Structures are given as C-alpha cells and as structure tokens.
Amino acid sequence: MTSPVIRIATRSSKLALWQAEYVRSLLRAAVPDVAVEIVHVKTVGDKNQTDALRQFGGTGVFTREVQNSVLSGDTEIAVHSLKDLPTESAEGLVLGGVPERAPTADALLLPNAEGLESLSDLPPGARIGTGSPRRQAQLLHLRPDLKMLEIRGNVETRIRKLDDGDYDAIVLAEAGLQRLGLTDRISLLLAPPDVLPAVGQGAIGIECRENDASTLKALTAITDVHVLDCVRAERALLKELRAGCHAPLGAWTELSADQLKLTAVLLSSDGTQRLSAEATGPQKDPEKLGVDVAGQLLKSGGQQLVDAI
C-alpha cells in the first residue's frame, strides 16, 4: 500500500528552501506516517532580478506560481514568507498553517560586518540598498539625507553587492539572516518603536486547498496559535487599508496574557509624513483589532497616503 504524500511547493532560493525544509521537519514529527517531498517552483520575482518589484506587479510576484502548483494538484501545500503573501487568498486556497515565528526586526548591514552604534552614525548621504518602500520611507523619516537605492537578488547576492562597494549599507530581515546562519553580518538592528516590521515579517505562511481536509489537519498540528492570531491582526490591518503588500506600512503586534496590542505606522514614500495608531483587544478577535487600527490611520489622513501609493 502506497503511503500518503504531502508535496511542498517552494521557491528555490536558500532561504525559501530552508523554510520548506523546516516545514517538512515539523510535518514529519506531527504526521510520521506521511511522506513529505519538496518541489521547486520558479516565480515571476525569481525570473526578473533587475526591475523594482512594484514595476512589474509587486503583489504576488513571489507567490503566484507556487500557489498555482497547489491549485493544479501538482503539490499539496505552498510555503511562503508570510510577508510576501497577499491578504486576499487565491480562490480555492486557504492559509492553513503558521508555525513559530522568528524575530521580526529589520537589520542594517555594513560592508565586511562593520559595527554601528546607531543610525545617526551613518555618514551623510549614505547609499542604502533596499527595494522595500516600507524600509525606505521609515529610514528617510529618521534620516532624510540618506540615498535609497533599489537592490534585487537573494540574501547572498545582496551581501556580495554590499561588500563589493555598490552600497554603503543594506537592509534585510533579521529572520532570514538568522535562518541562514548570517547573524554575524548584522551591524545594527532596526526595531520598534523606531522602525516597524512588515505585516507578517518573520512568519512562515503555509497554504493548501480549502477542501483538502487531511492536509488541513496536519497543518493545524504544526501551527502556533499565538503567532497565527498576531498575523491575523496584522493582515486584517493591511487588508482594510487596501494598500497592497508593498505599501510604506509597518506593523508590530505584542501579546500579553490574552490581549493583543497592535501598533502601526503608515508613511508617504519620501518619509516626510508619518501616521501612527495603536489599539489593544482580545486575542480571540484579532481581525477586529486590525480593522480598528486601520480605521484610526484612515481617519487621521491615511486615505490620502494610500491613494498616493
């Protein structure tokens, strides 16, 4: 008798493969009688390594082909960096699993792992490599003199470009550096309240077909419910703002007892305008918390910032 199989669709970068292998290890422990295989999928974002993401679609460029693999039946689950996953699920798919979350901060890297005491120690007009409008806007709000430059490629490619002198510093997610064993390259952590992470940053999102009961059951077994509630609040915030996953929006969720506190910032692309909002609510209703915080931002002038995106 053939053993049941869960096939994981994933991108082929080192970080994406780390995440897929991590999910495979969790599934093997949770459902040891099920074989787990990994299937590589190339996305639009992988094929185009030169243009800024927002120039050729932005939303879904790292997820669409991976999702299609599940929808077509070639695989059972899709593993994503949750910050890349659009808030509107592809028809027929559901976010079925969210494991334990890694650190959510951003990290500033200098050439050859030089140290840095604070952001103010960067030289005037320093060239910063980041393609994220969220990171660009928040850094410009703190240091308007900085020069923001687009950067593409996987983590290793970006670090090589930094060390080759193309940039004075680059910004990457602390989570990815930790997962790849590269935390020794971090020169400075960019953390709340100064810099807020992306919605879902540090979390892994696992999708499956909504009618696949056995796979959903397996994903439930590897889900951290506290992390799931935090990201549900953050994703509800983003969805309510209708700003897209590449908006200059930062979100930070804290959990204490059974209460969630969600803090968010929404900025103009040049960082000159920065709106902030926060609210606390019961963990059992994270979507309402996200909607409430989004409402605060919109009422304080956020609609104009969203319209400009």
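Helix 286-297: angle to the longest alpha-carbon principal axis of the chain, degrees 0 to 90, nearest 10? Tilt relative to the chain: about 20 degrees. Taken per residue, the accessible surface of the chain reaches 44 Å², heavy atoms only and a 1.4 Å probe. Candidate cross-link partners of Lys261 among the lysines, defined by an alpha-carbon separation under 28 Å and a same-chain spacing of 8 or more, comprise Lys83, Lys239, Lys284, Lys288, Lys299. Can you give the angle from 0 to 90° between the axis of helix 225-241 and the longest principal axis of the chain, with both taken from C-alpha atoms, to the nearest 10? Taking Cα atoms only, the helix is inclined about 60 degrees. Partners of Lys147 within straight-line reach, counting aspartates and glutamates whose Cα lies under 12 Å from its Cα and excluding those fewer than 8 residues away in the same chain: Asp168, Asp270. Annotation: the antiparallel percentage among DSSP beta bridges lying fully within the stretch 89-198 is about 60. Overall shape: oblate for the stretch 168-309, with the ratio a/c of the largest to smallest alpha carbon gyration tensor axis at 1.5 or above and b/c at least equal to a/b. Among the protein heavy atoms, those of His40 account for about 110 Å² of accessible surface (1.4 Å probe, every chain in place).
Between the Cα long axis of helix 133-142 and the first principal axis of the chain there is an angle of about 30°, rounded to the nearest 10. Here the chain carries DSSP beta bridges of which approximately 70% are antiparallel, counting only pairs with both residues inside.
Pairs of Cα atoms nearer than 8 Å and 6+ residues apart set the relative contact order; for the chain it is 21 percent.
Of the solvent-accessible surface of the stretch 206-261, computed with a 1.4 Å probe and all protein chains present, 49% belongs to carbon and sulfur.
Taking all protein chains as they are arranged and a probe of 1.4 Å, the heavy atoms of Val5 leave approximately 60 Å² accessible to solvent. Normalise the Debye intensity by I(0) for the chain, one equal point scatterer per Cα, no solvent, then take log10 at q = 0.09 Å⁻¹ and round to two decimals. Rounded to two decimals, the profile gives -0.44. With all protein chains in place and ligands, DNA and RNA left out, the 1.4 Å accessible area ranks Asp212, Asp224, Asp258, Asp145 as Asp258, Asp145, Asp224, Asp212, largest first.
Ordering Gly165, Leu146, Pro133 by the projection of their Cα atoms onto the charge dipole of the stretch 129-170, which places +1 on the Cβ of Lys and Arg and -1 on the Cβ of Asp and Glu, puts Pro133 at the extreme positive end. Adding -39500 (n - 2.57) for every DSSP H run of four residues or longer, then dividing by how many residues the chain holds, sets the calculated 222 nm ellipticity at -9000 deg cm²/dmol.
The values are calculated or read from the model by the stated rules, or taken from the named source; none is laboratory data. Keep in mind that what you see is a predicted model, and the values were worked out from it rather than measured. Positions of Cβ are generated from backbone atoms using ideal geometry, with glycine treated the same way; all protein chains shown enter the neighbour counts. Heavy atoms of the whole protein, side chains included, go into the accessibility calculation; ligands, DNA and RNA do not. Shrake-Rupley method; radii C 1.70, N 1.55, O 1.52, S 1.80 Å.
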